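The structure appears right after this line, and notes come after that.
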Amino acid sequence: MTTLDIRAILEHLPHRYPMLLVDRVLEIEKGERIVAIKNVSINEPFFVGHFPHLPVMPGVLQIEALAQAAGILSFQSMGRVSDAASVYYFVGIDNARFKRPVVPGDQLRLEVRITRVARSIWKYAARGTVEGQVACEADLMCTLRAIEAAAGATPASG
């Protein structure tokens, strides 16, 4: 089983602050599953407005964290890392449910399992837990696409 620290995560995902939502990978079984964590801090920029009187991590960002863990799993399974020639798009969410709030001080455990790969579409069963309690769950779909250079574009000169 593979583990990844933040340096390796940055190689596998194009996301950066404030959108990087995976802090550590605890387990990866290539082609099968990943377990990662997101440490939720009061310093997160979204807590300023969601909600000032009762800070709660937005559900959409919980799902995004699961999708980022899925992206790491897929890159690891393909033996690739993120690069400027491709992008890993989030293309679908089904059966999303939110069971408990995620608040500052929580450690959101991200558990993602590949359920199907067909052509370039990857499907996953994903679940986020806090202290063993399900916080969120969803079925996710993602795809890897090449980024095409703009027609007639030339490299910038300095």
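Throughout, read-outs are computed from the coordinates displayed, never taken from laboratory work. Since this is a predicted model, take the numbers as computed values, not measurements. In this analysis, Cβ positions are derived from the backbone assuming ideal geometry, glycine residues included, and neighbour counts consider all displayed protein chains.
Please specify each residue of region 97-112 satisfying the condition of being closer than 18 Å to LEU21 by Cα and touching a residue at least 40 places away in the same chain (Cβ under 8 Å).
Step one: list which residues in region 97-112 are closer than 18 Å to LEU21 by Cα, which gives 98, 101-112.
Of everything in region 97-112, those that are closer than 18 Å to LEU21 by Cα and touching a residue at least 40 places away in the same chain (Cβ under 8 Å) turn out to be PRO101, VAL102, VAL103, PRO104, GLY105, ASP106, GLN107, LEU108, ARG109, LEU110, GLU111, VAL112.
Return yes when ALA36 is within 17 Å of LEU108 (Cα to Cα), in a helix (DSSP H, G or I) and not hydroxyl-bearing (Ser, Thr, Tyr) and no when it is not. Criteria not met by ALA36. ILE42 satisfies every condition listed in (1) more than 23 Å from THR3 (Cα to Cα); (2) in a helix (DSSP H, G or I); (3) in contact (Cβ under 8 Å) with a residue 12 or more places away in the chain; (4) not hydroxyl-bearing (Ser, Thr, Tyr) except (2). The set of residues in region 41-98 being touching a strand residue (DSSP E or B) at 6+ places or on another chain (Cβ under 9 Å) and of a type in the set (Phe, Trp, Tyr) consists of PHE75, TYR88, TYR89, PHE90, PHE98.
Of all residues in region 15-38, those being in contact with a Gly (Cβ under 9 Å, 6 or more places away or on another chain) and surrounded by fewer than 19 Cβ atoms within 10 Å (Cβ to Cβ) number 2.
So, in region 86-117, of the ones that are β-branched (Val, Ile, Thr) and under 11 Å from LEU140 (Cβ atoms), which residue ends up farthest from the chain's Cα centre (by Cα)?
Out of the qualifying residues, it is THR115.
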